[in-house]
Structure formats: C-alpha cells, structure tokens
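In what follows, a single structure is set out as structure tokens and then discussed.
No lab work stands behind these numbers, since they all come straight from the coordinates. Everything numeric in this text was worked out from a predicted model, so none of it was measured. Cβ: placed from backbone, ideal geometry, glycine included. Neighbour counts: every protein chain shown.
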Amino acid sequence: MGTIVFSPLGSCEKIRKTTMIYYHSSVQYCKTKCTRPTPQHLSAHSRSISLLPLRRITLDMESSGKITIQSYPMLAAAILFCLIAGSLGSLVTITGPGSWYSALLKPFFTPPGWVFAPVWITLFVLMGIALYLVWQCGTENREVTIALWIFGIQFFLNVIWSFLFFGLRSPLLGFIDILLLWVMIVVTIRAFYRVKKTAAYFLIPYIAWVTLATALNGAIYFMNP
C-alpha cells in the first residue's frame, strides 16, 4: 500500500512525476554507461530497482484512481466534523405541517421533504472525505493551507444558511447566502483540484445539489413577496 508524499513543489501529484523521471534517468544511465558491472554500478542499479515498487504503485493509483488512506483516525475526524457541524442547521429547520415553511408557495421542482436529510448526510460524508484527502497532503504546503481555509469559509456559509432562511424566516437573506455559498464551492473545488484531484471530484455532487437548492431558494423568494 503506497503513501502520498508531501512535495514542496505545490501538490501531491507533482512528486509522482519527479519520482518517475528519476527512475527512468537512473535506468537509462546504467544502460548507456555501464559496459562492465562494477560495485559502484551495482549499487546505483540497486537503488534504481528499489524505486520500482513505488513507481508501480504510482502508476496503479493514477490509472485506477485508487485512494490512499494514511490515517483512518484523521479520516474519521474529518467526516465527523462535517456531519456534526453541518447538522447544526437542523436546530432551526422546521418543515412539518403548520410550520412557517409549509405555508410558503414553492416551485414545481421542490423535492419531497424526506429527501433532504439523507442527501445532506451523504454530502457531508463526501465533504469529509474530500477534506481528509487534502488535509493528509500536509498543512506545511501553502496550497493545502489555502484550500483548507477556503473550505472552512464555504462550510460556514453552508451552516448559517439554515439560521438565515429558517431561523430568521428570511428567504432573501438565505438567497444571498446561498449565492455566495455556490461561488465559494466552485472556488473550493478549484483549490482542492490544485492539491488533490480526487478530492475535487468528491465535491461535484455537492455543487450539483446546491445548484438545485439555489434555484429553489430563489423561486421561493420571488413567489412569496
């Protein structure tokens, strides 16, 4: 099982290319320069061969899209953080019969009420996995730190939406917030892509759902002046 190595070049992906180039260079040197094996040549060749498993793992990861987990406790912590912090909005979310929300006019594409909870739980788990994949690349990397800060900003906008829309009963404030949230999710995906492409892919369902939620929030605002 391979591990992702931190590289000061700016992302986890770049260290892979460096490793592969070094391996090919070493083997090529031995083929062209070694006319008769000497202890020095054998030593250099053995060091090159020792890189073969790493190169093979790198190729497997890039071709099959496998995810390397360095720390399961860190993965669990990232997922739990997203689930717990994301569920704070449920404290003010009331959608049952007789509630303020139930009396609002809604567009035809409004999903049934029972859909929201399982969808958001799934999205928070995916967000947690994406967060971990970037986090494990090392906070010493400036791009990782920036990506984590951007993630935190969009997550804050996500959490406060429920307090604005349901808590304050303001579709307008909720609409403004979710527009900003949509923009920040796009920025987060771009930042994650620069660090770890797989992490960015995990956020695609998130941006898709928030796009629908933005249209729903906007429609409710304009249908309930």
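The label-point distance for ALA103 and LEU83, in a model that sets each label 7 Å from Cα toward Cβ, rounds to 3.6 nm.
Less than 13 Å Cβ to Cβ from ALA191, Lys/Arg counted +1 and Asp/Glu -1: what total charge do the surrounding residues give?
Numbers: positive: ARG142, ARG190, ARG194, LYS196, LYS197; negative: GLU143.
The answer is +4.
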